[in-house]
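K.L.:
This is the structure I have questions about; it appears just below.
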Amino acid sequence: MSERSLQDALESAGSPPELLRRNRGRHPYPVPSEHTNWIEEVRSWRETCSLSDLSHHQKDLYVRGPEALDVFADLGVNDFSGFEPGQAKQFVACNPNGYLIGDAILFYLDDEELKLTGTPIAPNWVEYNLEKGAYDAMSEADERYHDKDEPHKTFRYQLQGPNALDVMRDAVEGEIPDIPFFDFDEVTIAGVDAHALKHSMASNVGFEIWGPWEEHETVRDALVAAGEDHGLRQLGEKSYKAQGQEKGWIARPVPAIYGDEMAEYREWLPADSYEAISTLGGSFDADDVSEYYLNPIELGYERFVDFDHDFVGKEALRAMTEESQRKKVTLVWDDEDVLELFASLLREGETYKYFDLSMPYWAVFHYDEVLKGEETVGLSKYFGYTYNERAVLSLALVDEEYAEPGTEVTLVWGEPGGESENPKVESHEQTEITATVAPNPYVEAER
């Protein structure tokens, strides 16, 4: 861990956008690019069954003690009444001004024991508050593989697709427990005791399975063997990234931690933390970092905000519910404009920013500018090509008056000035992509 803090790094850089834009690219994903080929892998979660390895790129924060739940209730916008062991929920945390710090999945493992799993942003915020607060609870962090030399304490695999239930029936010893949605229970696979969370990420029943790392190969091999008769495909990096455009979840916003009210937290975060070394990219270019902040209302999380308990940012967030907010939509990129990106590679002169299939990924925090005429009317975030829809889609937030399906807007593609200090970015020419507003999620079965 660095002896310097995120605050030190910011003071050296000049501003948060300057710090984040000069960072050195995305964090690598430690699985093969493809297990077979990425198109067949993408088809699997729609047609048969996919198996993803989520064991490496997320942080697990274990919180134990009589007041373990209290810290989450104090920080999270969620309703925690009736939350009990065997259940999970999407935990959402805001800064004092109501803007999103981060979200992650919270598992209620046992009495006085919970686990928060996700990118390090939300777990770091909880860990800080536990350390600085007066809670009768302790935390244990299991960092991502990027941040330590040893493997994760647990493996985590995800089964998804119309045949996922059949694969589980063949893999699990005995009967599969009757698990309600987003609850979990114990299962045994190839003699290994594990847990299975029931959820849906692509319109069909899915499962997330975790257990001791020492048994990761045993369980993976058993799942693969059980899936042979059900068309199972293991997902590589290229196919795994393509899920986001279909399911409609906007990932990786800039965390709202760069204002004066969060200075003490930045002093606590090291200069090599996820928040400090992640890269900002895309055509949207603002000097004020707060223009990159998102809030839970525009992200569609209002449905599980509980204003009947106190949490950080409560009053600011309540005020946001009474104001007009941007709407979460899908942008469908014009086919001819997409083809033009590739055509630029076949002629003399400047080329446009390369579009790597399935998803170009050179920045953790990606923001593209969305225009109507000359006016900025929104931000485009998670994007990529999905073979299942034969389209390039991006998940965006646009002003309410432009959120009607069928509205035509323009997306600016490429880095400001066509240059970046990020070594993942080649010199290129910015261009504009015509896009049509569509519902989010784009896939009807996901809505």
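K.L.:
Using a 10 angstrom cutoff on alpha carbons, build the Gaussian network for the chain and name the most mobile of Q158, Q245, Q430.
P.N.:
Q430
K.L.:
Would you list V312, V329, V437 from fewest to most Cβ contacts within 10 Å?
P.N.:
V312, V437, V329
K.L.:
Can I ask one more? Cut-off 10 angstrom, C-alpha nodes, Gaussian network model of the chain. Which of V92, V172, V370 fluctuates the most?
P.N.:
Evaluated over the chain, the most mobile residue of the options is V172.
K.L.:
Spin-label point model (7 Å from Cα, Cβ direction): what's the T188 to E175 distance in nm?
P.N.:
1.6
K.L.:
Calculate, for E84 and E348, the FRET efficiency according to 1/(1 + (r/R0)^6) with r their C-beta to C-beta distance and R0 56 Å; round to the nearest 0.05. Let's see the in-between values first.
P.N.:
Details: r = 65 Å, r/R0 = 1.17.
The calculated FRET efficiency here is 0.30.
K.L.:
So, one more: Only Cα pairs within less than 10 Å get springs; with that Gaussian network setup on the chain, which residue of E350, E173, E322 has the largest fluctuation?
P.N.:
The residue with the greatest mean-square fluctuation here is E322.
K.L.:
Relative to the present Cα-Cα distance, how much length would full extension add between S200 and D335 at 0.36 nm per residue of separation?
P.N.:
Separation in residues times 0.36 nm, less the Cα-Cα distance, equals 45.6 nm.
K.L.:
Still on this structure, I have one more. What 222 nm value per residue comes from the helices of the chain, counting each DSSP H run with n ≥ 4 as -39,500 (n - 2.57) and dividing by all residues, nearest 500 deg cm²/dmol?
P.N.:
-6000 deg cm²/dmol
K.L.:
Cut-off is 10 Å between beta-carbons; in what order do D136, D399 appear when sorted fewest neighbours first?
P.N.:
Starting with the residue having the fewest Cβ neighbours, the order is D136, D399.
K.L.:
Using the Cα centre as the reference, give the magnitude of the dipole from point charges on the C-beta atoms of the chain (Lys, Arg: +1; Asp, Glu: -1; all else neutral), rounded to the nearest 20 debye.
P.N.:
Rounded to the nearest 20 debye, it is 720 debye.
K.L.:
Same structure, new question: Based on the Kirkwood radius over alpha-carbon pairs, what is the Stokes-Einstein translational diffusion coefficient of the chain at 10 °C with 1.306 mPa s viscosity, in µm²/s?
P.N.:
Approximately 70 µm²/s, per Stokes-Einstein.
K.L.:
Straight-line reach from K424: which lysines have Cα under 20 Å away, leaving out those fewer than 8 places along the same chain?
P.N.:
K238, K241, K353, K381
K.L.:
List the aspartates and glutamates whose Cα lies under 12 Å from the Cα of K198, skipping any in the same chain that are fewer than 8 positions away.
P.N.:
Partners found: D178, D183, D185, E186, E208.
K.L.:
Ok, one more. Once label points are set 7 Å from the Cα along Cα→Cβ at both A316 and D136, what is their separation, rounded to one decimal in nm?
P.N.:
So the label points at A316 and D136 sit 3.2 nm apart.
Coordinate-derived values only; no laboratory data. Here the structure is a predicted model, which means the values were calculated and not measured. Quick reminder, even Gly has a Cβ in these numbers, built from the backbone with ideal geometry, and neighbours come from all protein chains shown.
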